[in-house]
Amino acid sequence: MSTRPIKVVVAGAGIGGLAAAIALRQQGCEVVVVEQAAELGEVGAGVQMSPNAVKVLRALAVEPLVRETACEPLAFTGRDWKSGRVLYRTPIKGTFERLYGAHYYHVHRADLHHALCERLGDAELRVGQRVLGVEQHGEVASLKLADGSAVEADVVIGADGIHSAVRRSIVGDDKPRFTGNICWRGMVPVAALPKGHVELASSNWLGPKGHVVHYYVRGGAMVNFVAVYETDEWKEESWSTPSSVDELLQTYSGWNEELLRTFRATERCFKWALYDRDPLPHWSEGRVTLLGDAAHPMLPFLAQGAAMAIEDGYELATTLGKLRDGVGVEAALIAYEQRRIPRTSRVQLGARARGTTMHLRSPWARMKRNLGFMLRSFRKPETTTHRAEWIYGYDATQA
Ligand SMILES: Cc1cc2nc3c(=O)[nH]c(=O)nc-3n(C[C@H](O)[C@H](O)[C@H](O)COP(=O)(O)OP(=O)(O)OC[C@H]3O[C@@H](n4cnc5c(N)ncnc54)[C@H](O)[C@@H]3O)c2cc1C
């Protein structure tokens with residue numbers, strides 16, 4: 001009796017695709033990853049890894065590698081955009097591991113990506129190959145590539161991001177939605193700032209029409225910032241474009257001087273339009289499914305896009321790993337999406353709602369919100385001000 005493990009082809013070697021590939025190899029599946037970029041890499045920016053993602057990174061043996069360069073913040077702090085007054089402070093270091101079963105890390109994306117690549121093992125990686133879409137014939141799913149070739153497998157996973165070609169093949173050409181937010185991303189060398197200028201925290205400056213998050217990465221050598229601002233129009237054709245520190249300073253004119261000082265110390269920054277989509281009722285068709293931004297692109301306001309992609313990859317792998325000879329794939333993919341969609345949809349919609357709370361225009365509404373923050377910090381000092389316990393406490397490795 002044959003007991004062939006299943007063959008899976010993953011489109012996209014981003015954070016989600018790589019996490020899925022490692023988890024699939026752990027399950028004994030044959031794995032091919034196809035990536036359009038000629039070289040693997042990630043943008044020069046930071047990423048927050050919350051305990052729910054770190055529990056998966058631990059199961060994939062990636063956490064020790066990430067720790068080498070990660071920074072662990074002392075707390076989440078919320079600050080008033082103008083006065084700099086602290087509105088809330090939730091302890092992280094020394095608390096999150098006890099409450100949620102793992103650490104909270106700040107990591108440079110390139111370092112996380114590198115750590116994931118280190119654990120790919122003997123998964124086959126094909127770079128410089130652009131995916132056009134998928135086709136299915138009987139029990140074979142086939143990934144079509146721009147060079148005219150195809151990769152056949154028992155299962156195709158679309159981990160090819162917000163512009164996913166795999167998604168287009170199975171869901172149709174629904175366009176992502178401009179959310180009315182743009183953001184600047186930049187890195188500041190710590191050496192360019194006065195000593196102790198930036199707190200070892202996940203700091204969130206809350207203002208009218210925008211917010212700014214900053215934190216340390218690269219073992220504390222750099223400060224990463226993401227500055228979000230509401231705008232009615234995005235005229236650029238591309239989704240990201242080089243910007244200038246002058247434009248950034250002009251947008252945040254009138255904000256706290258301490259924050260502006262951090263902006264001034266950056267050498268260059270990029271401007272991004274923030275897009276998302278509504279939650280989908282299904283991610284799978286036959287032997288093809290989606291994960292990460294291909295399935296549920298979201299606003300970064302809960303810092304969960306990559307974390308959800310990592311969770312997706314792990315849960316998908318544990319579902320597929322049980323199968324032999326390509327039998328039972330369709331049912332397994334339905335079980336996977338039924339488990340994941342309620343959680344990722346809640347995070348997608350929660351990220352939108354959080355934007356509304358963080359960008360209040362009316363001073364009266366901000367005062368009421370800040371009072372709520374203070375009361376909550378007073379009554380339950382260890383719980384997160386933004387009520388994220390249900391996100392951080394989740395453990396995909398036990399699901
Ligand atoms: C400003 C900002 C801050 C964020 N901060 C956080 C955070 O702190 N924490 C967090 O968890 N998330 C955060 N996110 C979200 C996170 O970056 C994304 O959700 C995450 O990167 C999605 O991973 P992915 O693997 O699904 O997709 P992607 O990272 O987009 O990877 C897709 C991969 O597929 C490849 N690809 C695309 N098309 C093709 C094709 N046709 N053929 C072959 N290959 C293809 C791409 O080259 C890429 O390598 C943030 C996002 C933004 C914009």
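Can you tell me which residue within segment 146-161, out of those that are of a type outside the set (D, E, K, R) and crowded, with 18+ Cβ neighbours inside 10 Å, is nearest to the ligand (Cβ to nearest atom)?
Initially, segment 146-161 is screened for residues of a type outside the set (D, E, K, R), giving 146, 148-151, 153, 155-159, 161.
Still in the running and crowded, with 18+ Cβ neighbours inside 10 Å: 151, 153, 155-159, 161.
Details: Val151: 11, Ala153: 15, Val155: 17, Val156: 12, Ile157: 11, Gly158: 9, Ala159: 5, Gly161: 3 Å.
Ranking the qualifying residues of segment 146-161, first place goes to Gly161.
Reported count of residues in segment 50-90, each being in contact with a Pro (Cβ under 8 Å, 6 or more places away or on another chain) and either open to solvent by 10 Å² or more (accessible area, probe 1.4 Å) or free of Cβ contacts under 8 Å to residues at least 60 places away in the same chain (or both), is 2.
Considering segment 217-332, the qualifying helices (runs of 4 or more DSSP H), each wholly inside and each with 3 or more residues that are among the small types (Gly, Ala, Ser) and within 16 Å of the ligand (Cβ to nearest atom), run over 305-320.
The set of residues in segment 309-326 being in contact with a strand residue (DSSP E or B) (Cβ under 9 Å, 6 or more places away or on another chain) and modelled with pLDDT under 95 consists of Gly321, Leu323, Arg324, Asp325, Gly326.
Do we find a residue being open to solvent by less than 20 Å² (accessible area, probe 1.4 Å), outside any loop (DSSP other than H, G, I, E, B) and closer than 27 Å to Ile6 by Cβ anywhere in segment 344-353? So far as segment 344-353 goes, yes, one or more of its residues are open to solvent by less than 20 Å² (accessible area, probe 1.4 Å), outside any loop (DSSP other than H, G, I, E, B) and closer than 27 Å to Ile6 by Cβ. Which residues, taken from segment 283-329, are farther than 17 Å from Ala351 by Cβ and among the acidic types (Asp, Glu)? Hits for segment 283-329 are Glu285, Glu315, Asp325.
Inspect segment 184-200 for any residue being open to solvent by 30 Å² or more (accessible area, probe 1.4 Å), at pLDDT below 95, among the charged types (D, E, K, R) and farther than 24 Å from His386 by Cβ and give the result as yes or no. Checked against the condition, which is being open to solvent by 30 Å² or more (accessible area, probe 1.4 Å), at pLDDT below 95, among the charged types (D, E, K, R) and farther than 24 Å from His386 by Cβ, segment 184-200 yields at least one hit.
Suppose we keep only residues that are of a type in the set (Gly, Ala, Ser) and in a loop (DSSP other than H, G, I, E, B) within segment 162-189. Which one would you say is nearest to the ligand (Cβ to nearest atom)? Walk me through it before giving the result.
Our first condition is that a residue be of a type in the set (Gly, Ala, Ser); within segment 162-189, this holds for 164-165, 169, 172, 180, 186.
Pick out the ones that are also in a loop (DSSP other than H, G, I, E, B) and you get 164, 172.
Values: Ser164: 7, Gly172: 16 Å.
Checking each candidate, the answer is Ser164.
Taking the conditions exactly as written (farther than 21 Å from Arg277 by Cβ and part of a helix (DSSP H, G or I)), does Tyr336 satisfy them or not? No; evaluated as a whole, the condition is false for this residue. Would you be able to say whether some residue in segment 135-153 is touching a helix residue (DSSP H, G or I) at 6+ places or on another chain (Cβ under 7 Å) and either outside any helix (DSSP H, G or I) or within 14 Å of Val32 (Cα to Cα) (or both)? Taking every residue of segment 135-153 in turn, none turns out to be touching a helix residue (DSSP H, G or I) at 6+ places or on another chain (Cβ under 7 Å) and either outside any helix (DSSP H, G or I) or within 14 Å of Val32 (Cα to Cα) (or both).
Has segment 368-382 got any residue that is touching a helix residue (DSSP H, G or I) at 6+ places or on another chain (Cβ under 8 Å), touching a residue at least 24 places away in the same chain (Cβ under 8 Å) and either crowded, with 23+ Cβ neighbours inside 10 Å or at positive phi (or both)?
First pass over segment 368-382, keeping only residues touching a helix residue (DSSP H, G or I) at 6+ places or on another chain (Cβ under 8 Å): 369, 382.
Narrowing further to those that are touching a residue at least 24 places away in the same chain (Cβ under 8 Å): 382.
Next, from what is left, pick out any that are either crowded, with 23+ Cβ neighbours inside 10 Å or at positive phi (or both): none.
No, that holds for no residue.
Of the residues making up segment 91-130, those that are assigned to a loop (DSSP other than H, G, I, E, B), open to solvent by less than 40 Å² (accessible area, probe 1.4 Å) and among the small types (Gly, Ala, Ser) are Gly101, Ala102, Ala123. Within the bounds of segment 307-327, is there any residue that is more than 22 Å from Cys29 (Cβ to Cβ) and open to solvent by 50 Å² or more (accessible area, probe 1.4 Å)? No, the conditions are met nowhere in segment 307-327. Every condition in (1) in contact with a Lys or Arg (Cβ under 9 Å, 6 or more places away or on another chain); (2) outside any loop (DSSP other than H, G, I, E, B); (3) polar (S, T, N, Q); (4) within 21 Å of Gly210 (Cβ to Cβ) is met by Thr385 except one, and the failing one is (2).
The values are calculated or read from the model by the stated rules, or taken from the named source; none is laboratory data. These numbers were taken from a predicted model, which means no experiment stands behind them. Here Cβ is always computed from backbone atoms with ideal geometry, including for glycine, and neighbour counts include all displayed protein chains. Accessible surface areas use protein heavy atoms only, side chains included; no ligands, DNA or RNA. Shrake-Rupley method; radii C 1.70, N 1.55, O 1.52, S 1.80 Å.
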